[in-house]
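See below for the structure under consideration.
The values are calculated or read from the model by the stated rules, or taken from the named source; none is laboratory data. Worth saying up front: this structure is predicted, and the values here are computed from it rather than measured. Cβ placement follows ideal geometry from the backbone for every residue including glycine, while neighbour counts extend to all protein chains displayed. Surface accessibility is based on the protein's heavy atoms, side chains included, excluding ligands, DNA and RNA. Shrake-Rupley method; radii C 1.70, N 1.55, O 1.52, S 1.80 Å.
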Amino acid sequence: MLLLLLLLLSSGGGQAQRVPGLKKNGSCVCEVNSTMWAFPAVSYEAVLLQVQSCEGFLTSLQKQVDLSIQRLPEIQAVIQNMTERLNPHLYLNNQGLYTHLALPRLVEELSRLETDIGDIHSQANTAQSQKLSTEVGKLRSDVERMQMSDTINLKTVKEKLRYLKNSAESCKSIPKDFRGMHRYCLRGLISNISAPVMTKVSPYSKSYISGSWGKQAQMDSEGQKNSYWVQALLSNHVWGNTLRIYQTYEDFMASVNHREFTFAPSFTHADTIEGPSAVLYGEALYYHCYRSADVCRYDLNSNSVKRVTLPGTGVGFNNKFPYCYYDCRPNSDVDVEVDETGLWALYATVGNHGNLVVSRLAWDSEAETLNVSQTWETTLFKKAATNAFMVCGVLYATRYVDDYREEVFYAFDTATGKEDNSLALPLEKVAKGVASVSYNPTNRQIYMYNDGYLLAYQAHF
């Protein structure tokens, strides 16, 4: 008789083997395959190799962990160092300085530029206006390609647009022969600046470290032709409301016989001067108005104040974009200057990423309004300069060298739109801080308000 025996293996897998058996002599005889209980040497070797491989991997991983633990303090030190270096510049992002170069906004700016250049071309069909029309047409093609693909760098197009805008501004209304009116302007940039030809303590005392001073800057001025003036910031070295004028150089040097003008009733009035920004031009004082993006004009005869708002997206004021480089001069955001061509305002905007902007000012005596006629954008970060001034339509910027030296290191020509970063013209000083630097076209001298000291230099071309 055939029997089926169920042999259960003792292994944890619960496997079973069914085998046939025969009854023989009272016993059940069957053949069983004993290999089922044989030691799985092959499998053991395979598992052993996996274990050894895993141990090797774990050993390598442990070494990497140990190395990382050893290098962690070094990495933390590097991160801390980078964080400390970046912290002073976080305000650029927090205050929205780095704005997105949005394509729609760029298209709008280009359209306005095309309109301006079209007007210029229709009024004066010159080789320069034709060149501008051609270049703006090429830029329009680039922008249209950008709208279809991402093959052109937006920042590059933005820089090209800035260049064309500056070129268009240069075409507008600066007289073609203004350099010829002043032959020394034809010689190019300033070649040298003398040692101080005059040094004097401010008549307000050297404790008033911020302000501005100079000589009457309008060449054909009648009543104030040889006068000198001082405007000190008497409230926290930031605000002022008075002006002193001396009719002669001798009176100025002796600090006698001055006339006092008060152009605002308090240090918080809307007509108060903010920052070391003033210039006396003709029968009026021009300066930065209190906590605003405006330039004020105080008439010495009528005691009236007129103002104009500076153009640009996010004009800096209230200490947003002061002159800095080494130490920031509080509230020096807007700087009013004068040269052979007239009045200027130097400032920075969020739209130009904190870089210096140059606007030309014009007083309309018939309408009695102060206007902005032209505006140029530079690539010089305003906080990288200690001060700036205008000569022959050229912007010059200074930077700190040491406690007794400044250096003119940068120039931007509004007539050509060209920049020069290779200048190294020394300016001696007697104190560390520079509140204001201005140029006077009547005698080609440069005036510095140097922490309560009044210094004058001779410019050479």
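Considering the range 385-403, the residues that are open to solvent by 10 Å² or more (accessible area, probe 1.4 Å) and in contact with a strand residue (DSSP E or B) (Cβ under 7 Å, 6 or more places away or on another chain) include one that is nearest to Asn421 (Cα to Cα), namely Arg399. Thr375 - would you say it is touching a residue at least 60 places away in the same chain (Cβ under 8 Å), closer than 22 Å to Gly188 by Cβ, of a type in the set (Val, Ile, Thr) and in contact with a Gly (Cβ under 8 Å, 6 or more places away or on another chain)? No. When the residues of the range 412-436 are filtered to those that are under 20 Å from the mean Cα position of the chain (by Cα) and crowded, with 22+ Cβ neighbours inside 10 Å, the one that is farthest from Thr386 (Cα to Cα) is Thr414. Note on the range 197-213: among residues that are open to solvent by less than 40 Å² (accessible area, probe 1.4 Å) and of a type outside the set (Phe, Trp, Tyr), the one that is nearest to Trp344 (Cα to Cα) is Ser212. For the range 92-112, the criterion of being at pLDDT below 70, open to solvent by 100 Å² or more (accessible area, probe 1.4 Å) and in a helix (DSSP H, G or I) is met by at least one residue. Considering the range 371-419, and only residues there that are in contact with a Phe, Trp or Tyr (Cβ under 7 Å, 6 or more places away or on another chain) and of a type in the set (D, E, K, R), the residue that is nearest to Tyr286 (Cα to Cα) turns out to be Lys382. The test for being out of contact with any strand residue (DSSP E or B) (no Cβ under 7 Å at 6 or more places or on another chain) and within 13 Å of Tyr325 (Cα to Cα) does not hold for Lys382.
Here Tyr298 passes the criteria (1) within 15 Å of Leu370 (Cβ to Cβ); (2) among the hydroxyl-bearing types (Ser, Thr, Tyr); (3) at pLDDT below 95; (4) more than 27 Å from the chain's Cα centre (by Cα) except the one numbered (3). Among the residues making up the range 415-440, those that are at pLDDT 90 or above and among the hydrophobic types (A, V, I, L, M, F, W, C) are Leu423, Ala424, Leu425, Leu427, Val430, Ala431, Val434, Ala435, Val437. If you go through the range 226-263 and keep only what is β-branched (Val, Ile, Thr), assigned to a strand (DSSP E or B) and closer than 16 Å to Ala435 by Cβ, you end up with just Val230. Got at least one residue in the range 209-225 being in the same structural domain as Asn303 (by the TED database), in a strand (DSSP E or B) and free of Cβ contacts under 8 Å to residues at least 60 places away in the same chain? Looking through the range 209-225, none of the residues is in the same structural domain as Asn303 (by the TED database), in a strand (DSSP E or B) and free of Cβ contacts under 8 Å to residues at least 60 places away in the same chain.
Scanning the range 358-376 for residues that are of a type outside the set (S, T, N, Q), assigned to a strand (DSSP E or B) and surrounded by 12 or more Cβ atoms within 10 Å (Cβ to Cβ) yields Val358, Arg360, Leu361, Ala362, Trp363, Leu370, Val372, Trp376.
Taken over the range 214-243, residues that are in contact with a helix residue (DSSP H, G or I) (Cβ under 9 Å, 6 or more places away or on another chain) and open to solvent by less than 60 Å² (accessible area, probe 1.4 Å) amount to 5. Of note, Ser194 does not satisfy the criterion of being at pLDDT 80 or above, surrounded by fewer than 17 Cβ atoms within 10 Å (Cβ to Cβ), assigned by the TED database to the domain that holds Tyr439 and farther than 30 Å from His460 by Cβ. Residue count for the range 265-305 under the criterion of being of a type in the set (Phe, Trp, Tyr) and open to solvent by 30 Å² or more (accessible area, probe 1.4 Å): the result is 3.
Residues in the range 297-340 that are part of a loop (DSSP other than H, G, I, E, B) and β-branched (Val, Ile, Thr): Thr313, Val334.
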